[in-house]
Amino acid sequence: MPTTIPVPTAHATCLHETLDAVRGETQVLKMAGLLSVSADDLLDGGGTGLGDWMGDLAVAVEDASGATVLLPVRDPGMLQHIVYGMSAVLVWANELRTEGRLATTIPTEAVAAWSEIERVAGLGGRTAMAMGYESGRLTGAPDLRVETIQETAATAAA
């Protein structure tokens, strides 16, 4: 597994901003009694590794100076754990948006960045497919390809 994950700066920035928006909006909705849990409540179960990773994302976006940012992998097992937790939150937020309960949208660029992180973790395509994107290329994100778990396994076996 590589030690860094290259992601276009614009996509990483979009992912960071989207995660912040989902976390903030769901917290406000919870405080208003419109949701029983917030994104942070769901993410807290991910342990300290998730908070560290989100900090890495924020620093990478803040320090970005080129077209690509390199996100650290940290521990490969922890990265898979982070992907499972964050994927569930992104899909949940997208469903809330579809139901009209959340204003924050999950832009294609954020999904493309997340798909690259999933691919490196060996779990590619989970979130994009759960959100209704077709397997293959994400519209509007020609730099990144959504790779399904089966495709990742086939590549690793070759």
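The values are calculated or read from the model by the stated rules, or taken from the named source; none is laboratory data. Source: prediction; values computed, not measured. Here the Cβ is made from the backbone with ideal geometry for all residues, glycine too, and neighbour counts use every protein chain on show. With ligands, DNA and RNA removed, areas are computed over all heavy atoms of the protein, side chains included. Shrake-Rupley method; radii C 1.70, N 1.55, O 1.52, S 1.80 Å.
Computed values, structure above
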read-out	value
Subset of segment 71-85 that is touching a Leu at 6+ places or on another chain (Cβ under 7 Å) and not in a strand (DSSP E or B) - its residue that is most open to solvent (accessible area, probe 1.4 Å)	80
Whichever residue in segment 86-104 is touching a residue at least 60 places away in the same chain (Cβ under 8 Å) and open to solvent by 30 Å² or more (accessible area, probe 1.4 Å) and, among such residues, is nearest to residue 53 (Cα to Cα)	103
Pairs, first without any contact (Cβ under 8 Å) to a residue 12 or more places away in the chain and under 20 Å from residue 51 (Cβ atoms) in segment 61-78, second of a type in the set (S, T, N, Q) and open to solvent by less than 80 Å² (accessible area, probe 1.4 Å), C-beta under 8 Å, six or more apart	none
Condition check for residue 68: at pLDDT below 85, surrounded by fewer than 20 Cβ atoms within 10 Å (Cβ to Cβ) and of a type outside the set (A, V, I, L, M, F, W, C)	no
Options 57, 35; residue that is in contact with a strand residue (DSSP E or B) (Cβ under 7 Å, 6 or more places away or on another chain) and either modelled with pLDDT under 90 or open to solvent by less than 30 Å² (accessible area, probe 1.4 Å) (or both)	57
Single residue of segment 1-46 satisfying the filter (without any contact (Cβ under 8 Å) to a residue 60 or more places away in the chain and touching a Lys or Arg at 6+ places or on another chain (Cβ under 9 Å)) that is farthest from residue 124 (Cα to Cα)	36
Given (1) under 24 Å from residue 129 (Cα atoms); (2) open to solvent by 60 Å² or more (accessible area, probe 1.4 Å); (3) outside any loop (DSSP other than H, G, I, E, B), number of the condition residue 52 does not satisfy	(1)
Of all residues making up segment 10-32, the number that are open to solvent by less than 60 Å² (accessible area, probe 1.4 Å), among the small types (Gly, Ala, Ser) and within 17 Å of residue 105 (Cβ to Cβ)	2
